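Here's the structure, in structure tokens; my notes come after.
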């Protein structure tokens with residue numbers, strides 16, 4: 001279901017258009033980090049950053065849930081890189097062995 005990007009609110013006798021705010025990932029991370037630190041209450045952060053407290057609580061929850069993945073991804077990336085390097089080295093070894101065997105055969109050193 002697509003949500004409208006604009007909502008209509010009533011202010012007195014007039015209708016006002018409010019555009020939906022899209023926050024950057026960097027902004028969300030900053031707010032979530034501050035919420036997780038606990039130096040300020042969610043209400044204080046909501047007032048400071050002009051974001052609804054429920055939104056901050058959701059970002060904080062996502063932030064805390066995703067923290068372990070940061071470290072596991074790094075290990076996974078390093079492991080993949082190591083496996084790729086190992087594969088390339090084995091391929092080079094195989095190629096050099098074939099070339100050596102060919103040179104031995106051509107030179108008559110093959111025993």
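Read-outs: derived from the displayed coordinates by stated rules, not from any lab. Worth saying up front: this structure is predicted, and the values here are computed from it rather than measured. Note: ideal-geometry Cβ built from the backbone for every residue, glycine included; neighbour counts use all protein chains shown.
Starting from the Cα-Cα distance between residue 73 and residue 23, subtract it from 0.36 nm times their residue separation and give me the gain in nm to one decimal. Kindly include the intermediate steps, with their values, before the conclusion.
Values: separation 50, 0.36 × 50 = 18.00 nm, distance 2.48 nm.
Going from the current span to full extension adds 15.5 nm.
Between residue 84 and residue 36, what length comes free when the chain is fully extended (0.36 nm per residue of separation minus the Cα-Cα distance, one decimal in nm)?
Working: separation 48, 0.36 × 48 = 17.28 nm, distance 3.74 nm.
This chain segment gains 13.5 nm when fully extended.
If you count, for each residue, the other Cβ atoms within 10 Å and average over each peptide, how do 25-36, 96-107 line up from highest to lowest?
Details: 25-36: 15.6, 96-107: 10.2.
With the highest mean Cβ count within 10 Å placed first, the list reads 25-36, 96-107.
What distance in nm separates the simple spin-label points at residue 47 and residue 107, each placed 7 Å from Cα in the Cβ direction?
8.4 nm
For the range 21-111, what ratio Rg/Rh do Cα atoms give with a Kirkwood hydrodynamic radius?
On the way: Rg = 27.6 Å, Rh = 17.7 Å.
With Rh from the inverse mean 1/r over Cα pairs, Rg/Rh is 1.56.
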